[in-house]
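The values are calculated or read from the model by the stated rules, or taken from the named source; none is laboratory data. In this text, all values refer to a predicted model and were calculated from it rather than measured experimentally. When we count neighbours, we look across all protein chains shown, and the Cβ atoms used for this are built from the backbone with ideal geometry, even at glycine.
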Amino acid sequence: MNYEKLMLRAISNANFYKFTAKPNPVVGAILVKGEEIISEGYHEKFGQNHAEINAINLAKKKINKNFNDFSELVLICTLEPCSHIGKTGSCAHAIVDSGIKKVIIGSIDPNPLVSGKGVEILEDAGIKVEKNLCAELVRKQNKYFFFKQTFNRPYLTVKIASSSDGKSHYKDSERTYITSDASRNDVQILRAEHDGILTGGNTLRNDNPHMNARVDFDTNQPQKILLSNQDINEDEYKFFKNNSADIHSNLSLDEVIEFYKNSDLCSILIEAGPDLVNAFLKTGKVDEIVIYTSNKVLGDEGVDWFKEKNAIENYGFKLESSYKIGGDVKETFIKNEKK
Ligand SMILES: NC(=O)c1ccc[n+]([C@@H]2O[C@H](COP(=O)([O-])OP(=O)(O)OC[C@H]3O[C@@H](n4cnc5c(N)ncnc54)[C@H](OP(=O)(O)O)[C@@H]3O)[C@@H](O)[C@H]2O)c1
């Protein structure tokens, strides 16, 4: 049996739920009898059944039709089955109880507190376990989840819209739209991909943004986060409509990041102006910068994103990708760890 082909299928189909499973990882599970796929399960929605449970439940409907006993089946799952009794019970115990005798795992759970424990439960019950089939792909598709489990804080992405002369907005003016509709639509997807979205009091007062993900597919909306040391009348701002928001005052940025260590959030998109963005960059904890640059020029009335040339490279980032979007250029920079 070509288990790699099945693993790739599980990885690829799991991705379909990336916006509704978050901040949980996407996970796929396939049960096979020889060459025949008996059932497939996915972690479709945060707080709902894990992939393995969905696959087992579906297979139960086919018992005595396509197969007689779970011991005839092999389970292929993209991530190590969980050992803990969380919101939905332990998947490792459910696999043992089902009678499955062989399990192929994509990646081991990156959380040091539970890593390997699921495998231990399976092996202790006499189940044959094979690990690390396409592990790198599973890690990549769950980049934010793996980062949070490994580094014990959310992944931080900064989004910047810039004029061609490196400006953020006009001094003393209301909201400035710099980039094209195509770029602004792309930002909506970027928001949907993240678990949290953070801004500052000035942006709130000047722009009165909604800052939700306006996309035409189902998504768990990012948790809104506002940093402000001033009194805010929530009724005045769109930011507080429909979704709850966390407001932090009198905390250093390191303390704000620390606050989310113990939350569900695995990633936060920072959509703020030059002051707050540069302050975050100075913490050294920003992991990625996405810049949309238009060919508009704001000139002397515009406010610079950065005081010095090559600021992004000097902050330790290197260009990961660059392409045209609408009339703009989208560039993604990631932390150059070797610097
Ligand atoms: N081009 C773009 O992509 C883009 C994106 C977003 C915003 N902007 C523009 O940027 C302008 C504002 O830029 P900005 O950097 O001055 O404002 P900002 O994004 O609101 O960030 C600065 C504000 O954050 C709050 N803050 C900073 N550190 C804090 C901390 N440790 N604890 C609590 N609050 C903290 C303060 O709010 P309080 O003053 O309320 O205390 C501070 O005034 C806006 O006019 C907007 O149009 C441009």
- Message: Regarding region 222-237, can at least one residue be identified that is in contact (Cβ under 8 Å) with a residue 40 or more places away in the chain, on the phi > 0 side of the Ramachandran plot and either surrounded by 13 or more Cβ atoms within 10 Å (Cβ to Cβ) or more than 7 Å from the ligand (Cβ to nearest atom) (or both)?
- Response: no
- Query: Does region 302-312 contain any residue that is within 12 Å of the ligand (Cβ to nearest atom), in contact with a helix residue (DSSP H, G or I) (Cβ under 6 Å, 6 or more places away or on another chain) and under 24 Å from Phe145 (Cβ atoms)?
  - Reply: no
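Mind checking which strands (runs of 3 or more DSSP E) fall wholly inside region 189-252 and carry at least 1 residues that are of a type in the set (D, E, K, R)? It would help to see each step written out before you state the result.
Details: elements: 196-200, 223-227, 245-248.
Fully inside region 189-252 and qualifying: 223-227, 245-248.
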- Evaluation of Phe259 against (1) within 14 Å of the ligand (Cβ to nearest atom); (2) without any contact (Cβ under 8 Å) to a residue 60 or more places away in the chain; (3) farther than 19 Å from Leu156 by Cβ (one fails), failing number: (3)
- Message: I'd like the full set of residues that are surrounded by fewer than 17 Cβ atoms within 10 Å (Cβ to Cβ) and touching an Asp or Glu at 6+ places or on another chain (Cβ under 8 Å), limited to region 116-128.
- Response: Gly116
- When both residues are 6+ apart or on different chains and their Cβ atoms are under 6 Å apart, which pairs have a first residue that lies in region 174-194 and is under 23 Å from Gly302 (Cβ atoms) and outside the structural domain of Ser322 (by the TED database), and a second that is more than 10 Å from the ligand (Cβ to nearest atom) and in a helix (DSSP H, G or I)? none
- Query: So which residues in region 110-126 are at pLDDT below 95 and over 16 Å from Cys77 (Cα atoms), if there are any at all?
  - Reply: Asn111, Pro112, Leu113, Val114
- Task: Quick one: in region 79-110, of everything that is crowded, with 18+ Cβ neighbours inside 10 Å and among the polar types (S, T, N, Q), which residue is nearest to Phe145 (Cα to Cα)?
- Result: Ser107
- So which residues in region 302-339 are free of Cβ contacts under 8 Å to residues at least 60 places away in the same chain, surrounded by 14 or more Cβ atoms within 10 Å (Cβ to Cβ) and not in a strand (DSSP E or B), if there are any at all? Ala311, Ile312, Tyr315, Gly316
- Query: Does Ser163 satisfy the condition of being within 16 Å of the ligand (Cβ to nearest atom), touching a Lys or Arg at 6+ places or on another chain (Cβ under 6 Å) and within 17 Å of Ile289 (Cα to Cα)?
  - Reply: yes
- Message: Consider region 188-221. How many of its residues are farther than 23 Å from Ile257 by Cα, more than 11 Å from the ligand (Cβ to nearest atom) and charged (D, E, K, R)?
- Response: 3
- Item | Selected residue (criterion: surrounded by the fewest Cβ atoms within 10 Å (Cβ to Cβ)) from residues of region 196-221 that are free of Cβ contacts under 8 Å to residues at least 60 places away in the same chain and among the acidic types (Asp, Glu) | Asp216
- Query: Which condition breaks for Ser252 when tested against (1) loosely packed, with under 12 Cβ neighbours inside 10 Å; (2) closer than 20 Å to Arg184 by Cα; (3) among the hydroxyl-bearing types (Ser, Thr, Tyr)?
  - Reply: (2)
- Query: Assuming Glu288 fulfils every condition listed in (1) under 18 Å from Ser162 (Cα atoms); (2) more than 22 Å from the chain's Cα centre (by Cα) apart from one, which condition is it?
  - Reply: (2)
- Query: Of all residues in region 200-230, which are under 21 Å from the mean Cα position of the chain (by Cα) and not polar (S, T, N, Q)?
  - Reply: His210, Met211, Ala213, Arg214, Val215, Asp216, Phe217, Asp218, Pro222, Lys224, Ile225, Leu226
- Item | 2 or more residues among the β-branched types (Val, Ile, Thr) and either in contact with a Gly (Cβ under 6 Å, 6 or more places away or on another chain) or modelled with pLDDT of 95 or more (or both): qualifying helices (runs of 4 or more DSSP H) within region 5-109 | 51-60, 91-98
